[in-house]
Structures are given as C-alpha cells and as structure tokens.
Amino acid sequence: MKQRATILFGSAFVALAALAFAATRVVAADKVDPVADAKAFQNFFFRKFPNVKHEDFVNGPYSMNEDMKRQWQEKEEFPPYEFALDAGKEMFSTPFKNGKTYADCFPNGGIGIRQNYPYFDTKEGKVVTLELALNRCREANGEAPYSYVKDEMASLTAYMAFTSRGKPMDIKIPDDPRALAAFENGKRYFYTRRGQMNFSCASCHVQSPGERIRAETLAPALGILNAMPIYRSEWSGMGTTSRRFVTCNSQTRAVPLEPQSDEYRDVEYFLSYVANGLPISGPGARP
Amino acid sequence: MTAFPCKPALLVALALLAGAAMAPAGAQSSVADGQKLAFDRGKGNCLTCHAIKGGDLPGTIGPELKDIKARYPDRNELVAIIFDETKRNPQTMMPPFGRNRILTEREINAIVDFLQTL
C-alpha cells in the first residue's frame, strides 16, 4: 500500500512538472518575434563565418571560401543564366493577346521590385510570391499559367531579379496575426526533420554550410533566396525557388509539396524575411 | 551400411571442415559487401559525409572513418550508431539508417564488418 502511494505521488509530481514545463513552452511559442528571429539568424551566420562579408552571403556556396569565390567570379564573366535573362526581358516587354503587359500587373512596372517578394496579402490572408503573382497576372489577362519550376517562369523572374540587383531584401510582416502565423509556419517547416534521411532544411543549410557532401559545398541558408532564380549545372538549366524546394525535398527522400503550396509559400516568407537587408543577387549560377 | 560404420561422425567431421573452410570466405565476402554498401550512393552512401580509405570525393560533414577497432572495440556500438544515431545525439546529421529502413540489419552488419577493417 505504502509503495503504491509513493508511486502514485511520484507520478503526480512528474505530471505536474510536465504540465509546468509545457505551460512555459506555450508562453514562449505564443510570442512570435520575427525581428528578434531575423537578428539571431543573421548573427549566427556572421559569427560562424567572421571572414565573409555580409553582402557576400547571397552568393551561396561561392561565399564560403576564396577558392569558391574565384570560381564564381570566373563564372560571372560568361554567366550561364544569360540566355534566360535575355528571354525574360523579351517576354516581359511582349504584350499579351489583350494588349496589356506584365508591367501593368506590378508596382513600378515590375522593375526593381524583386526585393519586396514574397509579401503578405492581407485581403487573401496568405503569402504571395513573385512566381504566384506572375501567373496570376497571366491568368487575369487571359493567358495560360506557366510551370512554376523552370523555363518561362525562371526567365521572367531572372529578368525581374536582374533589374533589382543590389537592392536590399525588404520583406514586411504586417500587423496581422495571420502574417505572423505564416512566418511561424514557414519557420517550423524549415526546422522540422522529414523524409527517409531525416533532414530538416536547417540540417544542411544552418548546421553544415561550407561543409561538403561529396564534392558539393552546402550553401548557407542566409541569403539563399536572394540569388533566385538560378542556373544549376546539376540541373543543366534554370530553376526557380519552387524548383529548389522540390529538389531539396526529393534529394533527402522526403515527399515534395506542390510548387506554391501554402507551406512552401510560408517557408519562402520566413527565409526571405530573415535575409532582410542583404542585396538581391539573382539570377545566380550554382554548381 | 557396414562399409561406413562411423557415418554420422564422418558427416559431422566433414561439416566442420567445410565450416572452417567457409568461415573466412564468408567474413571476406561480408567485408567486400560492406564496402560496396558503404560506397553505394543509394545505400550507405557513407562517402557523402565521411572520408574512407579507398573512396573518392568524400564529404566533410562527419569524421574520417579510420582506426575503427581501436575507437569502437564493441561492434554493437557501431551497429547502434548506424541504426539510429539520433538516440545518442538528437542534433546529429547522420540519417537513422536502420530505423528509417535505408539499410537492413544484414546490410548494417556487413558495413560494420567493413568498418572494422579500417
């Protein structure tokens, strides 16, 4: 009897302790603080790589050491994304069948605005990416949407990024609980392990940037979207942010989401916000 | 029948002989299998993160795999690390090869046989 009472008392104590712990955790989770998150995120990388200039983080693996940087500079002389860039420029200025153009869908005629995407649309209550806005523009003008992962979409975003080069990423989180929830959801996705390999996005791009998997140098998460879209030698072609997310998921043997699904949009929102202040460098070239 | 009075004993002796002859060959092939599995991109793919003698283009995330017998005298520890290192270190990059069924128990054992030769 006495022993049983001890066990009962003991488990009640454990339960109470667990409750108290859970309660403090909930309080902490309730307070979403993107400003503090972005600061902590950036400082983590600045401290981990004290010799990398802050604005160089947008050059991905090429920022990680001098050898890689030299490779990048050589590549930039004959950039492999040039065809896409030229095609994008032409597409951008070619009117739709109804006579309107992409410029009619965007602020400032679509020039020099890449740093403001994605944004949180308070009417829709969701994150709107540049790729999504481009396809909505097409559909609003009676044109069929493009594939989100490559080709025309990559060409268009390449041109829009190019006209925005050097402008600091400037993502806003409006005073709207749904915007904070989207940020938090993107952050959760980014740090959650998944797939047969059990990797999170952070496993490679926060824990291990600069390290190599076989011959490939892992890029830092900070500034990774500032360079989008990219020509990737591994793809032998251009790819958008959507393509990057999908291939990261499938390469780690996780189930990729649909391009521009809510969760991917939220990840893009989180990752872009924490890169605020770093320049747009897209279109980029990667191994 | 009478021509082979000790038939059962003979059989046992033959079996023992064969076993003795087979054992080293079996261990050999397990080591070779283990190396193949360790280097195979679709299986262990250990080279993605670890330098291993005899492997090209190793990654840098994990420590070099050498002096394994001295560092891990107990092979069960190696089996446990490959099966699910997150149990010991929740932050590890190492995929849980056994738990997530990337490798079977037999394959993990073959890889451990190979690792112990390093």
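The values are calculated or read from the model by the stated rules, or taken from the named source; none is laboratory data. Values in this document were obtained by computation on a predicted structure and should not be read as measured data. No Cβ is skipped: glycine too gets one built from the backbone with ideal geometry, and neighbour counts run over all protein chains shown. Areas reflect the complete protein model, heavy atoms only, side chains present, ligands, DNA and RNA absent. Shrake-Rupley method; radii C 1.70, N 1.55, O 1.52, S 1.80 Å.
May I ask you to verify whether A:GLU263 is at pLDDT below 95 and of a type in the set (Asp, Glu)?
no
The rows are residues; the columns are (1) assigned to a loop (DSSP other than H, G, I, E, B); (2) more than 16 Å from A:ASP37 (Cβ to Cβ); (3) open to solvent by 50 Å² or more (accessible area, probe 1.4 Å).
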{"site": "A:ARG165", "(1), (2), (3)": "yes, yes, yes"}
{"site": "A:ASP170", "(1), (2), (3)": "yes, yes, yes"}
{"site": "A:ILE173", "(1), (2), (3)": "yes, no, no"}
{"site": "A:ALA181", "(1), (2), (3)": "no, no, yes"}
Name the residue that is surrounded by the fewest Cβ atoms within 10 Å (Cβ to Cβ), counting only residues in region A:188-207 that are within 14 Å of chain B (Cβ to nearest Cβ) and hydrophobic (A, V, I, L, M, F, W, C).
A:ALA202
Which members of region A:131-142 meet the condition of being touching a residue at least 40 places away in the same chain (Cβ under 8 Å) and either touching a Ser or Thr at 6+ places or on another chain (Cβ under 8 Å) or under 20 Å from A:LYS187 (Cα atoms) (or both)?
A:GLU131
Please find, among B:ALA110, B:ALA80, B:ALA9, B:ALA25, the residue that is of a type in the set (A, V, I, L, M, F, W, C), within 20 Å of the chain's Cα centre (by Cα) and modelled with pLDDT under 90.
B:ALA25
Could you please give the count of residues in region B:58-81 that are more than 13 Å from chain A (Cβ to nearest Cβ) and either touching a helix residue (DSSP H, G or I) at 6+ places or on another chain (Cβ under 8 Å) or crowded, with 17+ Cβ neighbours inside 10 Å (or both)?
8
Could you count how many residues in region A:187-198 are under 17 Å from the mean Cα position of the chain (by Cα) and in contact (Cβ under 8 Å) with a residue 24 or more places away in the chain?
3
Would you please list the contacts, defined by Cβ atoms under 8 Å and residues six or more apart or on different chains, that run from a residue in region A:29-51 that is on the phi > 0 side of the Ramachandran plot to a residue that is among the basic types (Lys, Arg) and part of a loop (DSSP other than H, G, I, E, B)?
none
Verdict on A:GLY210 being more than 13 Å from the chain's Cα centre (by Cα) and open to solvent by 20 Å² or more (accessible area, probe 1.4 Å)
yes
Single condition A:ALA219 does not satisfy, out of (1) closer than 26 Å to B:PHE97 by Cα; (2) surrounded by fewer than 22 Cβ atoms within 10 Å (Cβ to Cβ); (3) not acidic (Asp, Glu)
(2)
Checking the structure you have, find out if any residue of region A:254-276 is touching a strand residue (DSSP E or B) at 6+ places or on another chain (Cβ under 9 Å), closer than 23 Å to B:PRO96 by Cα and either more than 13 Å from every other protein chain (Cβ to nearest Cβ) or not hydroxyl-bearing (Ser, Thr, Tyr) (or both).
yes
Considering only region A:87-126, how many residues are closer than 22 Å to A:TYR264 by Cβ, open to solvent by 40 Å² or more (accessible area, probe 1.4 Å) and touching a residue at least 40 places away in the same chain (Cβ under 8 Å)?
4
Could you please give the count of residues in region A:72-86 that are free of Cβ contacts under 8 Å to residues at least 60 places away in the same chain, closer than 26 Å to A:ASN141 by Cα and either open to solvent by less than 30 Å² (accessible area, probe 1.4 Å) or in a loop (DSSP other than H, G, I, E, B) (or both)?
0
Here are some residues: B:GLY44, B:GLY55, B:GLY98. Which one is within 14 Å of chain A (Cβ to nearest Cβ), under 14 Å from the mean Cα position of the chain (by Cα), in a loop (DSSP other than H, G, I, E, B) and within 26 Å of A:THR217 (Cα to Cα)?
B:GLY44
